[in-house]
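Visitor: Right, I'll just put the structure down here and ask away after.
None of the figures in this text is laboratory data; all of them are computed from the coordinates on show. What you see is a predicted model, and the numbers here were worked out from it, not measured in a lab. Every residue, glycine as well, gets a Cβ built from its backbone with ideal geometry; the counts of neighbours run over all protein chains shown.
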Amino acid sequence: MDRIKVGVLGLQGDVREHLLMVADCGAEGVVVKRQEDLKGIDGLIIPGGESTTMGRLMQKYDLIEPIQEMGREGVPIYGTCAGLILLAVKTVEGGQPLLELMDMVARRNAFGRQVDSFEADLQVKGIGDEVFHAIFIRAPWIEEIRDQVDPMAEVEGKIVMAREGNLLVSAFHPELSQDIRIHQFFIDMVRDHKKGSKK
Ligand code: GLN
């Protein structure tokens, strides 16, 4: 099979760190800034940043609809932090452009202003028993999910990672940890999808 090619939305955020992780997983990472960059990618990562700004830039560059189409066609998409917010059907706060692909409601800056950033060792479903050292930066949590959304990790009883079919989200930044297991999990989703769509 050809090499797996994963796009990283490059409008804002930790683009370089995600590209390095993708490369560590043995796949090829490419930066996505325009519609034409979406051609030929097998999966897409939406990094952290400021979700309101990223949403507006996605509108400006006409990226909302093509990414929605990709998501609905089953192409794997992974959103971290602001990327989680953008994939949600809704935020508690409302009033910002979203991709509205994943059946969940996100709460922005959910852990409170006094704890802007924190780190936590998480048990993450599907990546093995060893805890994952997760870095949270003004992170959201998932306030509400529908049945088909599978929670994968929690902090203080709040869902901070989940999957719904081809969509994966985490409230933390795995690209900032020295642990490639979550990116590997996503690349495996991409590989499975690519295999399936070639049959
Ligand atoms: N607080 C940001 C937002 O609401 C997300 C923070 C992040 O991506 N690190 O969009």
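Visitor: Could the peptides 16-22, 39-45, 189-195 be put in order, highest first, of the mean number of other beta-carbon atoms found within 10 Å of their residues?
Guide: On the way: 16-22: 21.3, 39-45: 19.7, 189-195: 17.3.
Those peptides, ordered most packed to least, come out 16-22, 39-45, 189-195.
Visitor: In whole Hz, what ³J(HN,Hα) sequence does the stretch 142-147 give by Karplus (6.51, -1.76, 1.60; θ = phi - 60°), x for Gly and Pro?
Guide: Result, rounded to whole Hz: 9, 7, 8, 10, 8, 3.
Visitor: If Lys and Arg each add +1 and Asp and Glu each add -1, what is the summed charge of the other residues whose beta carbon sits under 10 Å from the beta carbon of PHE136? Don't skip to the end; give the middle numbers.
Guide: Numbers: positive: ARG138; negative: ASP116, GLU119.
Local charge sum for PHE136: -1.
Visitor: Taking amide H positions as placed in the peptide plane 1.01 Å from N, state which residues far from ALA106 in sequence (5 or more) or on other chains have amide H under 5 Å from it.
Guide: LYS90, THR91, VAL92, GLU143
Visitor: With the Cα gyration tensor of the stretch 1-139 giving a ≥ b ≥ c as the square roots of its eigenvalues, does the rule (a/c under 1.5 for rounded; else a/b larger than b/c for prolate; else oblate) give rounded, prolate or oblate? Don't jump to the answer; show the numbers that get you there.
Guide: Values: a/c = 1.70, a/b = 1.11, b/c = 1.53.
Because a/c hits 1.5 or more and a/b fails to exceed b/c, the stretch 1-139 counts as oblate.
Visitor: Compute the signed sum of charges (Lys and Arg +1, Asp and Glu -1) over the other residues within less than 12 Å, Cβ to Cβ, of PHE118. The partial results should precede the final answer.
Guide: On the way: positive: ARG138; negative: ASP116, GLU119, ASP121, GLU156.
Taking every Cβ under 12 Å from that of PHE118, the sum is -3.
Visitor: Count the lysine pairs in the chain whose Cα atoms sit under 22 Å apart, keeping only pairs 8 or more residues apart in sequence or on different chains.
Guide: 15
Visitor: Simple spin-label model, 7 Å along Cα-to-Cβ: VAL131 to ASP192 in nm?
Guide: If labels sit at VAL131 and ASP192, their model points lie 2.7 nm apart.
Visitor: Give, rounded to the nearest 20 debye, the magnitude of the charge dipole that the stretch 1-158 has about its Cα centre when Lys and Arg contribute +1 at Cβ and Asp and Glu contribute -1 at Cβ. Write out the running numbers ahead of the final one.
Guide: Details: 17 positive and 27 negative charges, 115 e Å.
It works out to roughly 560 debye.
Visitor: Net charge around PRO97, counting only other residues with Cβ within less than 15 Å of its Cβ (Lys, Arg = +1; Asp, Glu = -1)?
Guide: Values: positive: ARG56, LYS60, LYS90, ARG108; negative: GLU50, ASP62, GLU65, GLU93, GLU100.
Overall, the nearby charge balance is -1.
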